[in-house]
Every structure is written in C-alpha cells, then in structure tokens.
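Contents: one structure, followed by commentary.
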Ligand code: CA
C-alpha cells in the first residue's frame, strides 16, 4: 500500500492519512518523516518536530497549540492540543476582499414548476401545515388515507407532506425568540415545492392560532380544518373534512406541468453532518467548487451552521459583499455566542465522538473544513433563523444551528428547493419536502453505503478525480435531480427525518 498524506496548505505542519483503515508504525511517508505509531485514516501526523506551545496548523490556520513536545511522525490527536479561544467580534475586517467577479455561466437549465410568486419548485407536493402537535395523530390517519385513496387519482403530484412539529402550545409565545419557530412554520408553508397551495389543520384552543401563523388573506377560510369546530362529530368527520379539503388542493396541483427554467432558479441549501477530517479535504471543497458554479449561473446557495463558521468569522466578514452584510454576520454570531453562553457552553459543544474518531480534534478544525462548502464568491446576504429569502440571489449565509434537522428545517423555510449534504461518518439523512443529494467524503463509506450516497467525493483523496471533476458532476446531478429525471437515494428509499423547529424561547 502506497502511503497517502493529504496536506491542505503550504503552511501546514500536520497532514492527514489518506489510506483506508490506517498506516502502521514504521511507514516511511512521502516527503515526510517515518511514522512513530499507527495512525488511523483521516487522522493527523506531525510533519516536523513541534515543541510544547507550538501552533499546530491545518488549512493554514492555527487549530491548536501543542500541550507537550510532539515528535515528527507522531499521531496528533485532540488530547495533545489546547484549543485556541474564539476570535473577538470586535475589529473584524469588513467587506475588504474586492474579488474580481467570476464570468457568468450560461446555458444551463432544468425542468421545474413555476409558482405564482415567481419561485420554482423541483417537486410537486401537497403540504398540510399544522398549528400544534395535538392534531398530529389525526393528521397521520388522514395522510395514510390521502396516500392510498387520493394520490393514485393525481399522477402529477409527487406526494403529500404533513408539517408536524412540537410547537404551538405550552410555549411562551410572547417571549423574545418565539418569532423564530412561528415564522419558520409560516415560511415552510410557502416553500416553492408546495406550489402555493397552503392547507392548514388546527385544533382550536392552542396558543398558535391560525391567524398568528399565517398572515390574514394567505389562506381562504374554506381551506382550514379546525378539529374542535362543532361541525365535527366523531373522528371520521374530521378525517373526511381533511380529505375533502386535500382533494381540492390536489386537483390544482395535478394540473401543473414542468417547464424549462434557467439554472438561476435553483435555491440550494448546503450543510454537512457526521463530519470527519476528510470533509474539508474532499466533499466540502467539491461542494464549494459547485457553489461557485451555481453563483456564476445566477442561482442562490445558502450555507449555514453557526457553530461551524464561528471560528472563521474573519474570513466571512472579509468576503461580505458590503459592510452591511458583514455587520449582519457579526450580529448573528453575537446572538449565537450569547445563546450558547446562556446554556453554559460555547461553540466547542458542537463536536461529537464521531467527529473525533474521524480525526477532527476540535471545533476550529471542523469549522475550517465546514466553511469550504461556501466556495469563494462574495457573501451577498444574511438571513436570521426562519427568515425567507426575498429577491436576493447569489451566496447567502442563512444563520442556523448546525443540528442537521434544525438546519435543514430552517433552510426549507428560507425557500430551498434542493439540498446538498456531505458526510464522512455516514448518515441516512433525508427530508420529505425537498430532494437531498448526499456526498460521501471517503471511498470506504461510499462503497459500504453504495445505495445511500449519491456522490463519492472520496475519489479526490484516491487520486481518481479532481475537486473540479466532482464539483461539475454534482452540478449536473443537481440539474437532473431538480428536473425530476433522477431521484436521490433518500427519495428512492423514502428516508425522511422529522422537521425540527428551532425554539430558543421558554416552554411553559
Ligand atoms: Ca449539520
């Protein structure tokens, strides 16, 4: 086996093992020292002798300082490193990078569903919103009947999605922060994949009343079903009412047809989960290359995950298109710092046992690999959690927690019509409302999870493909998936995670 080391930047004094499994002690590394101990795949090796207190550099930045001397050829893991403090949010460079604009990328299109509000769907779904968890059981019974009795009559409709959640009652609905879950639910109902057909099931006595969830006029009274209304006698009358209402929405959705639209109508949410040290070397750089292609094509790309960008805040404020965008980035990071501090933690609470087993020593190293998904375009705008994209195009920072389900839910509310998810450890993540393209960081994962991973970016580490190759592959796959010509594995197997609301306000 030829030993493979992956070094991210010329200033780095560590590199990661690229080979499957591990490299044994005594391995002579290419252009480097001899391994002093066995080092697992994706874990770091010291390229030179590092004295105590030395900066350990990966991605060209300090990811930690050595607690004790580390000899060249040693395994550099998290127990040997002290994590640097988070950079202050004062005195950051504001929109200082004046990058030359990239040439437009023209001539790419997909087949989508045009909506009355100008947005474009990649799927044709009926969504049934809810005000409160109390109605979920009744809605589930109705959903089963809609799927078995109604959907077969409407072949142009891809499915029906229940927007179920734990919010709506038993919550401090006037508290600061409560607007986040409320506007998230409101904006999910307006997602481009739901065709503007808003249907609502409510209970009657809940705190989140229909007119609080949806602005008056959004939804005709006739399309709401309220279970406590006196007209309902027995469960079957509720179910019949939901089915009759759904039927009228399905008739209209079924009449829609796909049409050719420019690639600029894509609204792509990118995120990662189950990350490893390969994430920042293979999958995320390929996604970043593809992000640049999409931005050049006039599309919208959202990146997110506050705790995974906090340590790169100076990179982001530098790349902000305007000082106002840089201010908005700082506002979201300050909000997140305060939110975490209220719970007695900081951004380092992000990392998981799997991240560490995958070679990521701490949140600084994880953040550097995560930010790469954003490519190199200027950051054109910032969304607070649960906000919806307006007319803004280009690269957008959608501020969200890094939790996969909460991030996906908030990107859905922002208006995403396609989702890209990178993973190194492996996760079967999927959402019912939007196609999720999953990208494996390692070939070993792509081989074992051959019917779950849509793209294998591990070929970059294997030397079989370049970052550009995988980036273009992903770009073309996105157009195929957006057009409905291809289904992702998560769609094929119907693997769907729950929507999870971000509620920073108290429950009562
Ligand atoms: Ca995530």
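The values are calculated or read from the model by the stated rules, or taken from the named source; none is laboratory data. Just so we're clear, the structure is a prediction, and the values are computed from it rather than from any experiment. Here Cβ is always computed from backbone atoms with ideal geometry, including for glycine, and neighbour counts include all displayed protein chains.
Just for the range 281-309: of the residues that are within 14 Å of the ligand (Cβ to nearest atom) and farther than 19 Å from residue 388 by Cα, which one is surrounded by the fewest Cβ atoms within 10 Å (Cβ to Cβ)?
Residues of the range 281-309 within 14 Å of the ligand (Cβ to nearest atom): 283-284, 287, 302-309.
Now drop any that are not farther than 19 Å from residue 388 by Cα, which leaves 283-284, 287, 307-309.
On the way: 283: 36, 284: 29, 287: 31, 307: 24, 308: 26, 309: 26.
Filtering the range 281-309 for residues that are within 14 Å of the ligand (Cβ to nearest atom) and farther than 19 Å from residue 388 by Cα, the one surrounded by the fewest Cβ atoms within 10 Å (Cβ to Cβ) comes out as 307.
Taking each residue of the range 261-276 that is on the phi > 0 side of the Ramachandran plot and looking for partners that are more than 9 Å from the ligand (Cβ to nearest atom) and in a helix (DSSP H, G or I) with beta-carbon atoms closer than 8 Å, six or more apart or interchain, yields 274/354. When restricted to residues that are closer than 23 Å to residue 321 by Cα and surrounded by fewer than 12 Cβ atoms within 10 Å (Cβ to Cβ), the range 54-105 contains 9.
Of the residues 382, 364, 439, the single one that is in contact with a helix residue (DSSP H, G or I) (Cβ under 6 Å, 6 or more places away or on another chain), under 29 Å from residue 5 (Cβ atoms) and at pLDDT 95 or above is 439. Any chance the range 194-202 includes a residue that's out of contact with any helix residue (DSSP H, G or I) (no Cβ under 9 Å at 6 or more places or on another chain), over 30 Å from residue 268 (Cα atoms) and at pLDDT 95 or above? Checked the range 194-202: no residue is out of contact with any helix residue (DSSP H, G or I) (no Cβ under 9 Å at 6 or more places or on another chain), over 30 Å from residue 268 (Cα atoms) and at pLDDT 95 or above. Scanning the range 366-386 for residues that are crowded, with 20+ Cβ neighbours inside 10 Å and away from the ligand (no atom under 16 Å from the Cβ) turns up 375, 377, 379, 381, 382, 383, 386. The residue that is farthest from the ligand (Cβ to nearest atom), among those in the range 241-279 that are within 15 Å of the chain's Cα centre (by Cα) and not in a loop (DSSP other than H, G, I, E, B), is 267.
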